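J.: Quick one: the structure is below, questions incoming.
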Amino acid sequence: MSSDPTENPTSAAIEQLERFGLSTYAARTFVALAGLGEGTARDVSQVADVPRTRVYDAVDELHERGLVDVQRSSPRRFWSTSTETASRTFEREFRRRTDVLRTALAELEPAERRAEQRGVWSVGSESAVTDRVLEFFATADEEIVYMTVDDLLTPELIEALQEAAERDVSIKLGGVSADVRERIRSEVTDVTTFESMWVWSDTSAGRLMMVDGRKTLVSALVNGEDADPSDPRSETGIWGEGETNSLVVVLKAIFTWRLDETDAE
């Protein structure tokens, strides 16, 4: 788990720099220079856990990536780029890598995905569940039925619902509180809200959704068996696709019954 950047900025910065591909010594050297502003190999070695002889290798690595400038004095002095410049450098690299990955995966993807997904597929984290929900929203043609708890209905998801509404997709939303329903009505065009079948927030349920009557997803908020109640929650989900998929059939029947009952009230 990432360190809290406000409680331990040094550890958090080093960890993220390593995730961007820097060696441990390069990450520690850059963080040391960020704190010093500029310095020699000796200065860096005194504040970072990097042997003085390895500082030069680390600086060469950072210099090649445009993160450190070098003054050819004796001894050599090193100057780290600003936070803004370093951040832009990594943002550009991240976008470039993402573009390369997207292009490569698009070349590998089948010309047509199978319309019928056999079985039920699991999704293992809150961010992964959110990504799958966003993907389903983006591919909706006719109808989205979505039930969730208040704090899982993030601005990103609300924006995706509005984009679907602008494509004339029917939006039906349930499970959230009255306050959130009012906010959604002001932000999403022509959304219909409905009461859930139980007090959604009193359960471990996370999300329940159906798209175009052929894609469904259900998730639960969970902790490990031995987890303390105060521990951060996690989310796990399952999804299915296809008109004869077992999960689709079951949830479609539940949604149809509930929405018909709501319309009759």
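The values are calculated or read from the model by the stated rules, or taken from the named source; none is laboratory data. Here the structure is a predicted model, which is why all the values come from computation and not from measurement. Heads up, the Cβs are rebuilt from the backbone with ideal geometry, glycines too, and the neighbour counts pull from every protein chain shown.
J.: Just one of Glu182, Glu195, Glu187, Glu166 is modelled with pLDDT of 90 or more and farther than 22 Å from Val123 by Cβ; which is it?
T.: Among Glu182, Glu195, Glu187, Glu166, only Glu166 is modelled with pLDDT of 90 or more and farther than 22 Å from Val123 by Cβ.
J.: Which one of Leu17, Leu22 is crowded, with 18+ Cβ neighbours inside 10 Å and in a loop (DSSP other than H, G, I, E, B)?
T.: Leu22
J.: Continuing with the same structure: Which pairs have Cβ atoms under 6 Å, sit 6 or more apart or on different chains, and link a residue in the stretch 150-164 that is assigned by TED's automatic domain parsing to the domain that holds Ser219 and closer than 17 Å to Leu208 by Cα to one that is small (Gly, Ala, Ser) and surrounded by fewer than 16 Cβ atoms within 10 Å (Cβ to Cβ)?
T.: Asp150/Ser177
J.: Turning to a different aspect of this structure: Taking Glu91 as meeting all but one of (1) loosely packed, with under 13 Cβ neighbours inside 10 Å; (2) acidic (Asp, Glu); (3) touching a residue at least 12 places away in the same chain (Cβ under 8 Å), write down the number of the exception.
T.: The one condition Glu91 does not meet is (3).
A quick yes/no check of all residues on (1) within 26 Å of the chain's Cα centre (by Cα); (2) exposed (fewer than 13 other Cβ atoms within 10 Å of the Cβ); (3) in the same structural domain as Ser246 (by TED's automatic domain parsing):
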position	(1), (2), (3)
Ala32	no, no, no
Leu36	no, no, no
Asp49	no, yes, no
Tyr56	no, no, no
Arg77	no, no, no
Arg97	yes, yes, no
Arg102	yes, yes, no
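J.: Scanning the stretch 130-154 for residues that are at pLDDT below 90 and in a helix (DSSP H, G or I), which turns out surrounded by the most Cβ atoms within 10 Å (Cβ to Cβ)?
T.: Once the filter is applied, the top-ranked residue is Leu152.
J.: Could you tell me whether any residue of the stretch 106-121 is surrounded by fewer than 12 Cβ atoms within 10 Å (Cβ to Cβ) and of a type in the set (S, T, N, Q)?
T.: no
J.: OK, next. All but one of (1) closer than 30 Å to Ser219 by Cα; (2) in a helix (DSSP H, G or I); (3) in contact (Cβ under 8 Å) with a residue 60 or more places away in the chain hold for Trp121, so report the exception by its number.
T.: All conditions pass for Trp121, except number (2).
J.: Also, quick follow-up: Out of the residues in the stretch 235-249 that are touching a residue at least 24 places away in the same chain (Cβ under 8 Å) and surrounded by fewer than 20 Cβ atoms within 10 Å (Cβ to Cβ), state the one that is nearest to Val218 (Cα to Cα).
T.: Ile238
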